[in-house]
Amino acid sequence: MRQRKNGSSIKHPNLSDAEAKPQKKSPYSSKDVFLTCLGFRMLNALLIQTYFNPDEHWQALEVAHCIAFGYGHLTWEWEEGIRSYLHPIMFALFYKLLALLRLDTPCVMIKAPRLLQSIFSAVGDLYLYKLSFALFGDGVAKWALFSQLANWFMFFCFNRTFSNSLETTLTLVGLYYWPSVRSSLNKAPSGSRKWGLALAALACAIRPTSAVTWVYVGLLELYTTHDRLRFIFVELIPIGSVVLGITCFLDRLMYDSWVLVPLNFLKFNFLSSGGDYYGTHKWHWYFTQGFTVMVFTFLPFCVAGIIKSKYWKLSGLILWVLGLYSILGHKEFRFVLPVLPISLIFAGYSLAALEERGSRNGEKKRSSCICNKWRSRKQLAIFFLLASNIPMALYMSLIHQRGTEDAMNYLSKEAAKGKVKSIVFLMPCHATPYYSTLHNNLPMRFLDCAPSKGMPAESDRFMMDPVSFAVDFAKNWSRPSHIVLFDSEERHLKDFLVSHSFREVRRFFHAHFKVDRDLQASVVVYAMTDT
């Protein structure tokens, strides 16, 4: 703690000050924080209109729809037993409830899953606030929550029905209960480590890669605790075994055989590098592109907060996770989503320091000029963060890559009216939602892209030569009532579609710029001329 020239101390929102006196009670109740976050996340969920990654639909909602209604498509991962049913079963139960209440209309089926996810997201927001408050006090907690709610990627991704989203919530709640994350003078509630272990085990059951996070926290606990034997033999092994046993029993019921998902997942993704089939990046991608884009304009505040706080336990966790995930060839933004909120805690620390600096200067006589300078810096920082993140969040959530969602929403409503008999998707595999959005047991066909050795997958062969593939494909098809494709392939298949008596019925805007293929500006729906 620094001293002024006149002998009075200058308060700074750092950890040492928080330890120097008993932890104050938060001025906001958990209920108020949760309800505020829930309202924000529900609005957030309703604003998401775009398609981000196939797993949101194909590894969660599609599986849940198959469980709840008896029809849907299970991808090759479920045949190989590298996915646990623990995550989709929650949405399956939700679908069942909607069906019992006769609310499973096309509109509700489209919106409801993300609204359910918004509840989990709000819990994550609440525990980000609670964790920040426990570590640094209210000044940091409120700005950490501001950073979480204002960050464009959290707005864009957190409410999507990825297992990564639930993993992120479990990580935030679990970290709050782990004693090793706290300082020695700012202890966690008695017995909270058992809750932390249970939540860590649950996160690993949903996503085995979550072990990357919890190995770090566990090693930290082993280093700091005085009761290591109790931690290992009385808590870690029994709690981990119970959660693993329940998960294995659930998967036994669903797979109809004993399947050890974490082992299969490890074999495919780590021992055989199976994930590389879907693309690889340079080792430094998370540091130079991926995570940098996620943090976005909060990055300088995050770095400043790490340096100012000197709280290396959490900053070390960020580096540990990014470093280990960098070893894998296949990389995606959402894989490191659980450490994004931790980075935003440090951004909140930096913003709180700006606010506190202005308040300290405000205590001085004849220092209104200095006070106004720091206030203006804080206001400029807030304006900069909002002006950069809000447009990005709205553009990515409302505009970029919305065509595939719009096309399926349209087909869902048309199918409910009896105007759709069957659908073929002549486009890269998993480019649209499927039965979980259509919610109608009609014949549908998409181009397969399961990993294979030797011959390229259907989806790859189609992209290499759309015309030849379509001609061969049509020799054995039962002609569908509707075909869905991107405009980038439509220009090659125009004559093919006309010759098979198809006409364009709807065109949906998709994107202004290309992502990893040629520009897919729109999604086009064709129908047979006699439908």
Ordering K378, K475 by accessible area with a probe of 1.4 Å, largest first, what comes out? K475, K378
With a 1.4 Å probe and all protein chains left in place, how much of the accessible area of the chain comes from carbon and sulfur atoms, in whole percent? 62 percent
Which value, in Å² and to the nearest 10, is the accessible area of I327 when all protein chains are kept and the probe is 1.4 Å? 130 Å²
Out of G316, H400, V215, whose Cα points farthest toward the positive end of the dipole of the chain (charges: +1 Lys, Arg; -1 Asp, Glu; placed on Cβ)? G316
Full-extension gain between I119 and M464, please, as 0.36 nm times their residue separation minus the C-alpha to C-alpha distance. 119.9 nm
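Under the definition of Cα pairs under 8 Å and six or more residues apart, what whole-number percent is the relative contact order of the chain? Intermediate results must be reported in sequence, preceding the final value.
Numbers: 796 pairs, mean separation 91.0, N = 531.
Result for the chain is 17 percent.
Determine the dipole magnitude for the range 402-528: charges of +1 sit on the beta-carbon of Lys and Arg, -1 on that of Asp and Glu, nothing else is charged, the reference point is the Cα centre, and the result goes in debye to the nearest 20. Walk me through the numbers on the way to the answer.
Details: 17 positive and 15 negative charges, 93 e Å.
Computed about the Cα centre, the dipole is about 440 debye.
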Can you give me the C-alpha center-to-center distance between the range 139-218 and the range 53-83, rounded to a whole angstrom? 26 Å
Cβ-based net charge around Q148, under 14 Å, with every Lys or Arg adding one and every Asp or Glu removing one: +2
What helices does the chain hold that run 30 Å or longer along their axis, going by alpha-carbon atoms, with a Kyte-Doolittle average of 0.5 or more, using DSSP H for the helix calls? 106-136, 368-398
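Quick one: compute the contact order of the range 402-528, relative version, from alpha carbon pairs under 8 angstrom and 6+ residues apart, as a percent.
28 percent
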For K331, residues with placed amide H under 5 Å, excluding near neighbours: H281
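Of K267/K453; K96/K514; K331/K494; K142/K310; K187/K267; K111/K417, which ones are farther than 27 Å apart at the Cα?
Working: K267/K453 17 Å; K96/K514 38 Å; K331/K494 36 Å; K142/K310 20 Å; K187/K267 39 Å; K111/K417 19 Å.
From the list (K267/K453; K96/K514; K331/K494; K142/K310; K187/K267; K111/K417), the Cα-Cα distance tops 27 Å for K96/K514; K331/K494; K187/K267.
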With the charge dipole of the chain built from beta-carbon charges (+1 for Lys and Arg, -1 for Asp and Glu) about the Cα centre, the Cα from H284, I483, F231 projecting farthest to the positive end belongs to F231
So for C66, C37, what's the accessible-area order with a 1.4 Å probe, most first? C66, C37
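Order the following by accessible area, largest value first: W258, W312, W477, W178. Probe radius 1.4 Å; ligands, DNA and RNA are ignored.
W258, W312, W477, W178
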Quick one: grab the alpha carbon gyration tensor of the chain, order the square roots of its eigenvalues as a ≥ b ≥ c, and give me rounded if a/c is under 1.5, else prolate or oblate depending on whether a/b is larger than b/c. prolate
Where nothing but the Cβ of Lys and Arg (+1) and of Asp and Glu (-1) is charged, how large is the charge dipole of the chain around its Cα centre, in debye to the nearest 20? 2880 debye
Report, in whole Å, the centroid distance computed from the Cα atoms of the range 375-439 and the range 481-531. 18 Å
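The values are calculated or read from the model by the stated rules, or taken from the named source; none is laboratory data. This structure is a prediction, so every number in the text was calculated from the model and none was measured. Here the Cβ is made from the backbone with ideal geometry for all residues, glycine too, and neighbour counts use every protein chain on show. The protein model used for the area step is the full one, side chains on, heavy atoms only, and it has no ligands, DNA or RNA in it. Shrake-Rupley method; radii C 1.70, N 1.55, O 1.52, S 1.80 Å.
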